[in-house]
């Protein structure tokens with residue numbers, strides 16, 4: 001962790017260069033995750049050639065490597081270094097809520113931590129997250145995310161009651177509905193044309209918490225700056241139809257991903273949960289062979 005923090009002292013250009021190199025290494029050694037990302041790209045971009053998808057895979061892993069340095073930026077950079085590297089759009093949509101709670105509908109871009117920190121400097125938001133299994137990392141993660149947002153709260157993903165109370169108090173909550181959380185809390189809705197287990201919580205939280213839903217994006221630009229955007233609130237949402245609402249959310253997320261597909265988290269098994277009777281679309285994970293213990297002599 002100390003070495004990771006030291007990387008935040010490096011010049012930005014060197015961080016990007018090292019990140020791309022690290023990504024290339026991850027591409028070579030990350031067999032299982034590489035296979036997942038490759039399969040996701042094959043399913044989601046059938047119109048691309050094999051060569052085009054391979055180039056996109058390489059760029060995606062380079063961005064994964066860069067994201068490790070961007071986390072260091074987000075947690076440990078002084079604000080003066082951020083101030084010259086971003087453009088923020090749509091803050092007025094949050095200011096126009098007039099005390100009404102809102103879900104800030106995020107997506108798992110590789111720039112996730114940077115986007116959250118930039119917005120938090122201008123507008124206080126709460127967050128939903130999954131606690132990390134390593135208590136040291138979990139502590140640093142929470143402390144890093146609160147560095148520009150000290151008066152916010154973070155809610156474990158299972159704390160629905162706490163989230164609803166916050167929404168009813170007029171809080172804005174960062175929430176990402178773009179991953180596979182299993183069959184129990186999902187319906188199947190198309191994502192890039194593939195049936196995907198899609199959470200119904202977006203509509204349910206918006207309805208029960210009397211909250212708006214505002215898409216939130218953050219991408220790295222070619223000039224090394226970051227474009228962070230709060231988009232207008234969704235109109236006529238929720239509709240009351242869980243499948244229709246999940247489909248609408250997936251369509252919105254898909255449209256944003258297509259703009260910068262290399263910056264999306266393709267290593268996640270988005271299609272892990274399959275409709276009844278459908279086979280898995282991913283290769284089986286190889287089990288590590290443990291060392292065989294020598295038999296004790298009789």
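List residues of the range 53-88, by number, whose backbone nitrogen lies under 13 Å from a label position 7 Å along Cα→C-beta of residue 18. Residues 66-73 fall inside that zone. Identify the residues of the range 170-190 with backbone N under 16 Å of a label point that sits 7 angstrom from the Cα of residue 281 along the Cα-to-Cβ direction, or state none. Only 178-183, 187-190 fall inside the zone, counting backbone N under 16 Å.
In what sequence do 26, 167, 3 fall when counting other Cβ within 10 Å, fewest first? Intermediate results must be reported in sequence, preceding the final value.
Working: 26 17, 167 23, 3 7.
Least to most surrounded, the residues fall as 3, 26, 167.
Extension gain, residue 138-residue 243: 0.36 nm per intervening residue step, less the Cα-Cα distance, totals 34.4 nm.
For Cα Rg over 2.2 N^0.38 Å, the candidate list reads (i) 1.06; (ii) 1.23; (iii) 0.91; the entry that matches the value derived from this model is (i). Taking packing as the residue-averaged number of other Cβ atoms within 10 angstrom, the listed peptides 151-158, 9-16 run from highest to lowest as 151-158, 9-16. Cβ crowding within 10 Å, taken as a proxy for footprinting-reagent exposure, orders 180, 245, 159 from fewest neighbours to most as 159, 180, 245.
Note: the range 7-127, Cα convex hull, 147 Å³ per residue. Fewest neighbouring Cβ atoms within 10 Å first, the residues 80, 171, 270 line up as 80, 171, 270. Mind giving me the FRET efficiency for residue 4 and residue 55? R0 is 30 Å, r the Cβ-Cβ distance, nearest 0.05 is fine. According to the calculation, E is roughly 0.55.
Stretched out straight at 0.36 nm per residue, the stretch from residue 97 to residue 151 would grow longer than its current Cα-Cα span by 17.5 nm.
Counted residue by residue at 0.36 nm each, then reduced by the alpha carbon distance between them, the extension gain from residue 181 to residue 158 reaches 7.1 nm. The distance separating the Cα centre of the range 37-78 from that of the range 196-237 comes to 21 Å.
Round to the nearest 0.05 the FRET efficiency obtained for residue 28 and residue 255 when R0 = 35 Å and r is the Cβ-Cβ distance. With R0 = 35 Å, the Cβ-Cβ based efficiency is 0.60.
Throughout, read-outs are computed from the coordinates displayed, never taken from laboratory work. Everything numeric here is computed off the predicted structure, so don't read it as measured data. Counting neighbours? That spans all protein chains shown, and the Cβs are built from the backbone with ideal geometry, glycine included.
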